[in-house]
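Engineer: Take this structure first; my questions come after.
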Protein chains: 2
Amino acid sequence: MTFAPPDLLRARVARLRRALEAASLDALVVSHLPNIFYFSNFSASAGVLVVGASRLYLLADFRYSAAIDALAADGWLPDEIEVGRVDGSYDQALVRALETGGWGPRVGFEGARVSVKQHGWLAARLATSGQPEGDGAAQADRSATAVALVSTDGLVEALRRRKDEYELDVLREAGRRLSAVARDVLHDVVVAGRSEQAIAADIDWRVRAAGFERPAFETIVASGPNAALPHAHAGERVTEACDLVVVDFGGVYRGYCVDLTRTVALGAPTERMIDLYRAVASAQDAALGRVRAGVPAHVVDAAARDRLAELGLGEAFGHGTGHGLGLEVHEEPRIGKRRPDDPPTELDAGMVCTIEPGAYLPGFGGVRLEDDVIVTPDGCEMITDVPRDAQLLSLT
Amino acid sequence: MTFAPPDLLRARVARLRRALEAASLDALVVSHLPNIFYFSNFSASAGVLVVGASRLYLLADFRYSAAIDALAADGWLPDEIEVGRVDGSYDQALVRALETGGWGPRVGFEGARVSVKQHGWLAARLATSGQPEGDGAAQADRSATAVALVSTDGLVEALRRRKDEYELDVLREAGRRLSAVARDVLHDVVVAGRSEQAIAADIDWRVRAAGFERPAFETIVASGPNAALPHAHAGERVTEACDLVVVDFGGVYRGYCVDLTRTVALGAPTERMIDLYRAVASAQDAALGRVRAGVPAHVVDAAARDRLAELGLGEAFGHGTGHGLGLEVHEEPRIGKRRPDDPPTELDAGMVCTIEPGAYLPGFGGVRLEDDVIVTPDGCEMITDVPRDAQLLSLT
């Protein structure tokens, strides 16, 4: 596997350091695993990265020692990284690192990633650090710095919103590969007489055979009436000749997620199916037509929503029009209705997101169409490429 | 799909209500999705359940309306549940529900599942609720109850630790099915000349074909030197004729997770491989021999750890001996070294856990063996059943 080149990691860390300085923070404790990967190429189910003005310190446990050595040997770790091994609990190791690391007094943490319980524990330990032990510990043991934990929000996510050229190339390649899987799958796998689960298992197999590390989320195969459930799991239902089938799947390629949905009719589609399909395709076109750097995300959402409402399907579309893609399959920007409490999100060049309106009619079925795009100064670049107009009709 | 019968859900809710009363709480906001499923059979990627003394209130958004209707129609929802639809943000809907629900003043939340950011937002909103609006809102709008949020820890997890008979039956069936997959896979799929990723994709396909909803975690296929990495992902490496291969995979069946590991040699194993394998098998036997209701979990861990240390492999075993299984693939009890700050965990009849010691020799490879057991008053009941002694030798 290849990773982001170390000079790119260095540039990302430098950007975070500028953000920390602007926020008057001496360091940031990065707990969110995709954020750790973003700066270090280190991917695991546990880990903590502390980023200070002049140090980059990764805490990891035994299970990952060999993986870290391998990354280092292949030149994929940042040059300046120091690795500390966790033998007991991560929180204990973190307190020790914060007390003795010379970071400075104001240490940020990721408020959306640290639980109330964990924060309570850390804050209590740090509050008592530097105080003399009851048994009269020597002065030397009390050299610990007093550290104040400061809740921060989205510092790293703000950096991750706009993808760099390396990331865009990975996402383009991922989009190409997922599209190829989709083209095959829609012809060969999504057929009548198979259970949704069996279809989903075949899709997942093909996603991996196409070079993805894993599916990006639990593959959705929703057939017949189940297609009216926007987030149906693949279930035991066996597809039938007159079904609409919504197929929504994704893959993780070199750490980056892509996501695609198509809807097909098994057998000759009815007029009502064709109308529903055309309405959703038209809503997707309307949204895609508004994507451009500088446009607020809720304007793109409204384009799809208004089009469906014009066609009498306003009530049938309850979810958002899209979401950002990157190291997570749902990340910023959210392409949805504007929330009164939140500032509007403006699209920016280099953002990558899905555009996926749908219409769901309980008892009848549903249609969703989803593609992935890169936001550009003039509009957008599609990174998925699967026939859409002919889809419903020609596969029958 | 079938679910826990509603009278069982009622009994679980009743147990939680007793726990709330003991903690002087008027209600609990359940945020953790497996905990919501435990009380309601409702499974989703978002949702909040509020459990009060006389109300059970589920918040869910548009995407799940049809799924909830289907659960209700099939009689799988608790009788007393009320469903509130979330149209904006969950947190806003939750504040409204807490202010107007008549729950009482002391409302617990799950401290390990709520982030510092989310808690800050909720607490700020609840603190200002009941105060007159600036535009002079009518008295009627100010009838809201003042609510204090109280951090709780593991209230629901404590109930989930001991499985009820329904859960044990599901887990037994899941163990049978996963064992059948393992027996096939080890003969047909784990062979020389295939990439780890290809082997993993085939395993996942078979897991689903065996009736599992999905793999329980990212399947590990670690071959040759990679077998020394306890948490290796399946990668691009192509297996070779002299490899040890660690295969660790699991499945989710009716919501419940099982997990199994075997290690095989491709081709004739060397003496060193055989010794390593026998050492780990012996450590697993030692740990299994100590599992019994009333035994502290760290004693079971020590049995495996001490055996490996006696055989000169103390340094080669860095992870814990096992973990609980249930609605999550890692849950209580943790079978590991005792942590000085934590009270010891005592095993109890009806707990379900893995026993999975391993030994990892960097540059050479590794062995891990994992089975799943139900803790009983007299020992344990194995719910996985895959040949182990002959494994390394006869498959070559």
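Engineer: So how do A:T261, A:T2, B:T263 line up by other beta-carbon neighbours within 10 Å, fewest first?
Structural biologist: Least to most surrounded, the residues fall as A:T2, A:T261, B:T263.
Engineer: Give the nm distances, rounded to one decimal, from B:D378 to the matching residue in every other copy, measuring between label points 7 Å along Cα toward the beta carbon; shortest first.
Structural biologist: 8.0
Engineer: Please name which of A:L168, A:F364, A:W205 has its Cα lying farthest along the dipole of segment A:162-394 towards the positive end, using unit charges on Cβ (Lys, Arg +1; Asp, Glu -1) and the Cα centre as origin.
Structural biologist: Final value for the positive-end residue is A:F364.
Engineer: Shifting gears a bit: Nearest 0.05, what FRET efficiency do B:A148 and B:D7 give at R0 = 22 Å with Cβ-Cβ as r?
Structural biologist: Taking R0 as 22 Å, the efficiency between B:A148 and B:D7 is 0.05.
Engineer: Residue farthest toward the positive end of the dipole of segment B:263-315, with Cβ of Lys/Arg at +1 and Asp/Glu at -1: which of B:L266, B:G314, B:S282?
Structural biologist: With unit charges placed on the Cβ atoms, the residue in question is B:S282.
Engineer: Quick check on packing: order B:360-372, A:206-218 by the mean number of other C-beta atoms within 10 Å, highest mean leading.
Structural biologist: Top to bottom by mean Cβ count within 10 Å: B:360-372, A:206-218.
Engineer: Another question about this same structure. So for each of B:194-205, A:6-17 I average, over its residues, the number of other beta carbons within 10 Å; can you give me the resulting order with the highest mean first?
Structural biologist: Top of the packing list down: B:194-205, A:6-17.
Engineer: Can you tell me, using C-alpha contacts under 8 Å and at least 6 residues apart, the relative contact order of segment A:6-159 as a whole percent?
Structural biologist: This gives 25 percent for segment A:6-159.
Engineer: Of all DSSP beta bridges located in chain A, what percent are antiparallel, nearest 5?
Structural biologist: Close to 75 percent.
Engineer: Here is a further query. Suppose only helical runs count, i.e. DSSP H with n ≥ 4. What mean residue ellipticity at 222 nm does that imply for chain A under -39500 (n - 2.57) per run, divided by all residues and rounded to the nearest 500 deg cm²/dmol?
Structural biologist: After summing the helix terms and dividing by the residues of chain A, the value is -11000 deg cm²/dmol.
Engineer: Please give me the summed charge of the neighbours of B:L313: other residues whose Cβ is under 14 Å from its Cβ, Lys and Arg +1, Asp and Glu -1.
Structural biologist: Local charge sum for B:L313: +1.
Engineer: Quick check on the exposure proxy: order B:V95, A:V147, B:V295 from fewest to most C-beta atoms within 10 angstrom.
Structural biologist: Listed from fewest to most nearby Cβ atoms, that is B:V295, B:V95, A:V147.
Engineer: Let me ask something else. When a footprinting reagent is the concern and you count Cβ atoms within 10 Å, what order do A:V280, B:V48 take, fewest first?
Structural biologist: Going from sparsest to densest Cβ surroundings: B:V48, A:V280.
Engineer: Restricting to bridges with both residues inside segment A:6-159, how much of the DSSP beta-bridge set is antiparallel, in percent to the nearest 5?
Structural biologist: Percent antiparallel among DSSP bridges in segment A:6-159 is about 35.
Engineer: For segment A:162-394, give the magnitude of the charge dipole about the Cα centre (Cβ charges: +1 Lys/Arg, -1 Asp/Glu; no others), in debye to the nearest 20.
Structural biologist: 260
Engineer: Suppose you put the label 7 Å out from Cα in the Cβ direction; list, shortest first and in nm with one decimal, how far B:A349 is from each other copy's label.
Structural biologist: The answer, with the shortest distance listed first, is 7.1 nm.
Engineer: Classify segment A:248-339: rounded, prolate or oblate, from the alpha-carbon gyration tensor (a ≥ b ≥ c, eigenvalue square roots; a/c under 1.5 rounded; otherwise prolate if a/b is larger than b/c)?
Structural biologist: Judged from the Cα gyration tensor, segment A:248-339 comes out oblate (a/c at least 1.5, b/c at or above a/b).
Engineer: Point me to the residue of chain B whose C-beta lies closest to the B-onto-A rotation axis, rounding the distance to whole angstrom.
Structural biologist: B:W205, 2
Engineer: Treat every Asp and Glu Cβ in segment A:300-381 as -1 and every Lys and Arg Cβ as +1, leave all other atoms uncharged, and give the resulting dipole magnitude about the Cα centre to the nearest 20 debye.
Structural biologist: With Lys and Arg at +1 and Asp and Glu at -1, about 400 debye.
Engineer: State, to one decimal in nm and shortest first, how far the label point of B:A180 sits from each corresponding label point in the other identical copies (label point: 7 angstrom along Cα-to-Cβ).
Structural biologist: 3.6
Engineer: If you take every residue apart from B:E213 with its C-beta less than 15 Å away from the C-beta of B:E213, what net charge results, scoring Lys and Arg +1 and Asp and Glu -1?
Structural biologist: Overall, the nearby charge balance is -2.
Engineer: Same structure, new question: In nm, give the distance between the simple-model label positions of A:T270 and B:H330, each being 7 Å from the Cα along the Cα-to-Cβ direction.
Structural biologist: So the label points at A:T270 and B:H330 sit 4.9 nm apart.
Engineer: Still on this structure, I have one more. If you count, for every residue in B:83-95, the Cβ atoms of partner chains within 10 Å of its Cβ, what is the mean?
Structural biologist: 1
Engineer: A follow-up question, please. Based on the Cβ-Cβ distance from A:D341 to B:D188, what FRET efficiency comes out when R0 is 60 Å, to the nearest 0.05?
Structural biologist: Step by step, r from the Cβ atoms, then E = 0.60.
Engineer: Another question, if that's okay. Could you tell me what % of all Cα pairs in segment A:191-255 have separations over 15 Å?
Structural biologist: Percent of Cα pairs beyond 15 Å in segment A:191-255: 47.
Engineer: Next question. Take the alpha carbon gyration tensor of the protein assembly as shown, find the square roots of its eigenvalues, order them as a ≥ b ≥ c, and report rounded if a/c is under 1.5; if not, report prolate when a/b exceeds b/c, else oblate.
Structural biologist: Note, shape of the protein assembly as shown comes out rounded.
Engineer: Taking the dipole about the Cα centre of the protein assembly as shown, with the C-beta of Lys and Arg at +1 and of Asp and Glu at -1, give me whichever of B:V221, A:V373, A:A22 is farthest to the positive side.
Structural biologist: Positive-end residue among those listed: A:A22.
Engineer: Restricting to the protein assembly as shown, compute how many DSSP beta bridges are antiparallel as a %, nearest 5.
Structural biologist: 75
Engineer: Next up: Quick check for you: which residues of segment B:355-375 have the amide N under 15 Å from the point 7 Å beyond the Cα of A:A72 toward its beta carbon?
Structural biologist: Residues passing the 15 Å test: B:362-363.
Engineer: Okay, next question. Could you compute the net charge surrounding B:G102? Neighbours are other residues with a C-beta less than 11 Å from the C-beta of B:G102; K and R count +1, D and E count -1.
Structural biologist: Summing Lys/Arg as +1 and Asp/Glu as -1 gives -1.
Engineer: Dipole of the protein assembly as shown, Cα-centred, from +1 at each Lys and Arg C-beta and -1 at each Asp and Glu C-beta, to the nearest 20 debye?
Structural biologist: 660
Each reported figure results from applying straightforward, stated rules to the coordinates on display, with no laboratory input. These numbers come from a predicted model, not from an experiment. Because the Cβ atoms are built from the backbone with ideal geometry, glycine has one as well, and the counts that use them run over all protein chains shown.
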